[in-house]
Amino acid sequence: MIASGQLFKILTFWVHLVSAFIWIGGVIFSSLILLPAAQKYLKQDVRGEFLRQIHTRFQKVSAAFVTLLLLTGGINIHFAKQVRGTLTGMYFSALMLKIFFFTILLTFYLLHLKELGNRKPLEHFPFQEATLVLGVLIIFMAAVLKHS
């Protein structure tokens, strides 16, 4: 039987993973599938408004997952410190890089929110490529954390 403290750790880690997968998965989907298809098959006047609607909707959904990532990330760091004691070496370096990359990603997200105030049609999603690269780097840092 799983103790309540252990169950909380598992659920927190799971929520963190699901939140990251949905947020970064949405970025990967829009970068590799949605944007190229919209540019190929939709006329420019329709495409701009279509992309603005998608962008607005995704940013609203993303807000919940970004909040969950911040909360569960902090809780997971606390649990890691309980298990490991002092965070040093490769684990500490990977954690600092992951937090650094996430901070940049969060900055891009906040700039996205600013862009939503602009009602012009979109031809692309702002910071899309950088967000994709940072997301992949964050997932890589998570793998390093898991195995260090």
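Laboratory data are not the source of any read-out in this text; all were calculated from the coordinates shown. Just so we're clear, the structure is a prediction, and the values are computed from it rather than from any experiment. Here Cβ is always computed from backbone atoms with ideal geometry, including for glycine, and neighbour counts include all displayed protein chains.
Could you run the Debye sum over the Cα atoms of the chain, one equal point scatterer each and no solvent, and tell me log10 of I(q)/I(0) at q = 0.19 Å⁻¹, two decimals? Taking Cα atoms of the chain as identical point scatterers yields -1.13. Ranking Ser30, Leu134, Leu106 by how far each Cα lies toward the positive end of the dipole of region 4-146 (charges on Cβ) leaves Leu106 at the top. Taking 25 °C and 0.890 mPa s as conditions, region 1-68 diffuses translationally at an estimated 174 µm²/s according to Stokes-Einstein applied to its Kirkwood radius (Cα pairs).
Ordered by the count of other Cβ atoms within 10 Å of each Cβ, fewest first, Thr56, Thr72, Thr103 give Thr103, Thr56, Thr72. Can you tell me the FRET efficiency between Leu34 and Leu70 if r is taken as the Cβ-Cβ distance and R0 is 25 Å, rounded to the nearest 0.05? In this case the efficiency is close to 0.45. Once the C-beta distance of Tyr41 and Val136 is scaled by a Förster radius of 25 Å, the resulting FRET efficiency is 0.40 to the nearest 0.05. With the cut-off at under 20 Å, measuring from each backbone N in region 95-115 to a point 7 Å along the Cα-to-Cβ line of His78 picks out 95-96, 99. Net charge dipole, the chain: roughly 140 debye, given to the nearest 20, about the Cα centre with Cβ charges of +1 for Lys and Arg and -1 for Asp and Glu. The order of Met90, Met141, going from fewest to most other C-beta atoms within 10 Å of their C-beta, is Met90, Met141.
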